[in-house]
Amino acid sequence: MRYGTTDVLKGVNFVARPGEVVTLLGPNGAGKTTTIEILEGFRMRSAGEVSVLGVDPARGDEHWRARLGVVLQSWRDHGQWRVRELLNHLGEYYRPYSTDQLARPWPVDELIEVVGLTPHADKKILKLSGGQRRRLDVAIGIVGRPELLFLDEPTAGFDPEARREFHDLVHRLSDERTTILLTTHDLDEAEKLADRILILAGGTIIADGSADELARRMSTEAEVRWTLDGQRFVHATQDATEFVRKLFREHDDAIADLEVRRASLEDVYMAMVRQFESGQHDAAVREFAEVTG
């Protein structure tokens with residue numbers, strides 16, 4: 001994607017498989033929103049090939065759009081609508097696109113229960129709290145039982161309980177073979193939800209894999225902490241499992257308070273982005289290409 005003489009995206013290449021949860025991470029300005037908008041058919045690319053559910057988004061018709069769900073960061077609507085009333089209304093747009101394999105739309109009362117809004121089903125939207133309003137955004141995005149769901153910062157404004165319930169919903173949708181492409185700044189959320197994580201920097205994907213795979217590629221050391229005879233020890237090692245085995249062979253029951261801290265997704269993400277920003281981008285991309293084949 002090019003704006004004037006500036007390449008916003010260059011050589012972005014990935015595949016999302018049916019039922020997979022793919023999370024797109026990257027610093028501000030990395031090209032995440034542009035990538036998502038191209039896939040949704042809202043923005044025309046400058047060059048390259050894109051296939052979403054077997055269709056070029058630039059030529060997607062209403063039958064193709066009925067197979068997609070989109071949850072934006074925010075969505076304005078008429079506050080006088082009631083929750084059940086609005087979802088019934090929107091659901092009717094999907095009814096003509098039912099298939100033998102998939103009945104559309106989602107039954108409204110079941111959908112309202114899934115997103116945790118049953119006590120508020122007959123409440124006007126302007127009376128909903130911020131977290132309840134966000135749950136309604138999710139319900140709007142999935143009312144048509146999408147085969148592919150785009151989630152843009154979906155848990156913004158959620159309290160911890162609502163966030164946990166939403167994570168359960170994402171897992172349920174993926175179990176039903178809904179493919180999900182998620183953008184978030186919450187690295188803990190990405191680690192919990194994603195089957196695969198894409199890290200986008202400077203308009204290029206510099207990493208693609210599970211959280212564990214990305215940690216292994218960075219060759220980050222694990223930190224082992226333990227107490228022996230009342231003294232606290234810390235040791236960094238590439239092979240924490242073998243080191244712990246050695247500890248117990250040598251000291252057995254004398255070891256106390258054993259803790260192994262491996263690199264988190266945040267550690268890996270920050271290391272990769274810093275590597276990119278320090279001018280090692282080409283080397284990072286070459287290493288990623290060699291590892292992934």
Margin query: Which of the numbered conditions does LYS192 fail, given that it passes all the others? Conditions: (1) part of a helix (DSSP H, G or I); (2) surrounded by fewer than 18 Cβ atoms within 10 Å (Cβ to Cβ); (3) at pLDDT below 85.
Written below: (3)
Margin query: Being closer than 30 Å to ILE112 by Cα and under 25 Å from the mean Cα position of the chain (by Cα) is true for just one of ALA271, ALA194, ALA207, ALA215. Which residue is that?
Written below: ALA194
Notebook entry, point to check: All but one of (1) surrounded by fewer than 21 Cβ atoms within 10 Å (Cβ to Cβ); (2) under 30 Å from ARG2 (Cβ atoms) hold for LEU181; which doesn't?
Noted result: (1)
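Give THR6, THR23 a once-over and let me know the one that is over 30 Å from LYS124 (Cβ atoms), loosely packed, with under 12 Cβ neighbours inside 10 Å, of a type in the set (Val, Ile, Thr) and assigned by TED's automatic domain parsing to the domain that holds THR155.
On the way: THR23 fails: loosely packed, with under 12 Cβ neighbours inside 10 Å.
Just one listed residue meets the conditions, THR6.
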Next item on the list: Taking GLY131 as the residue in question, decide whether it is in contact (Cβ under 8 Å) with a residue 12 or more places away in the chain and more than 24 Å from ARG17 (Cβ to Cβ).
Entry: yes
Notebook entry, point to check: Taking helices (runs of 4 or more DSSP H) that do not extend beyond region 45-158, which have at least 2 residues that are in the same structural domain as ALA16 (by TED's automatic domain parsing) and in contact with a Lys or Arg (Cβ under 7 Å, 6 or more places away or on another chain)?
Noted result: 108-114
Next item on the list: Report yes if VAL22 is out of contact with any Pro (no Cβ under 9 Å at 6 or more places or on another chain), modelled with pLDDT of 95 or more, under 30 Å from GLY202 (Cβ atoms) and not aromatic (Phe, Trp, Tyr), otherwise no.
Entry: yes
Notebook entry, point to check: What is the number of the single condition among (1) within 29 Å of ALA190 (Cβ to Cβ); (2) of a type in the set (D, E, K, R); (3) at pLDDT 85 or above that ASP229 does not meet?
Noted result: (1)
Checklist line | Condition met for LEU102 (more than 15 Å from VAL71 (Cβ to Cβ) and modelled with pLDDT under 90) | finding: yes
Note to self: With the requirement that a residue be surrounded by 15 or more Cβ atoms within 10 Å (Cβ to Cβ) and assigned to a loop (DSSP other than H, G, I, E, B), what does region 222-246 give you?
What the structure shows: none
Next item on the list: Identify all residues within region 9-49 that are touching a residue at least 60 places away in the same chain (Cβ under 8 Å) and among the charged types (D, E, K, R); write none if there are none.
Entry: LYS10, ARG17, GLU20, LYS32, GLU40
Note to self: Being touching a Phe, Trp or Tyr at 6+ places or on another chain (Cβ under 8 Å) and not acidic (Asp, Glu) is the requirement here; does ILE112 meet it?
What the structure shows: no
Next item on the list: Of the numbered conditions (1) of a type outside the set (S, T, N, Q); (2) within 26 Å of the chain's Cα centre (by Cα); (3) at negative phi, GLY202 fails exactly one; give the number of that condition.
Entry: (3)
Next item on the list: Please work out if HIS185 is in the same structural domain as ARG145 (by TED's automatic domain parsing) and part of a loop (DSSP other than H, G, I, E, B).
Entry: yes
Note to self: Of the conditions (1) modelled with pLDDT of 80 or more; (2) buried (at least 20 other Cβ atoms within 10 Å of the Cβ), THR155 satisfies every one except a single condition; which number is it?
What the structure shows: (1)
Notebook entry, point to check: Filtering region 73-91 down to residues that are modelled with pLDDT under 95 and surrounded by fewer than 15 Cβ atoms within 10 Å (Cβ to Cβ), which residue is farthest from VAL8 (Cα to Cα)?
Noted result: GLN80
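The values are calculated or read from the model by the stated rules, or taken from the named source; none is laboratory data. What you are looking at is a predicted structure, and each value in this text was computed from that prediction instead of being measured. Ideal geometry is used to build each Cβ from the backbone, glycine not excepted, and the neighbour counts take in all protein chains shown.
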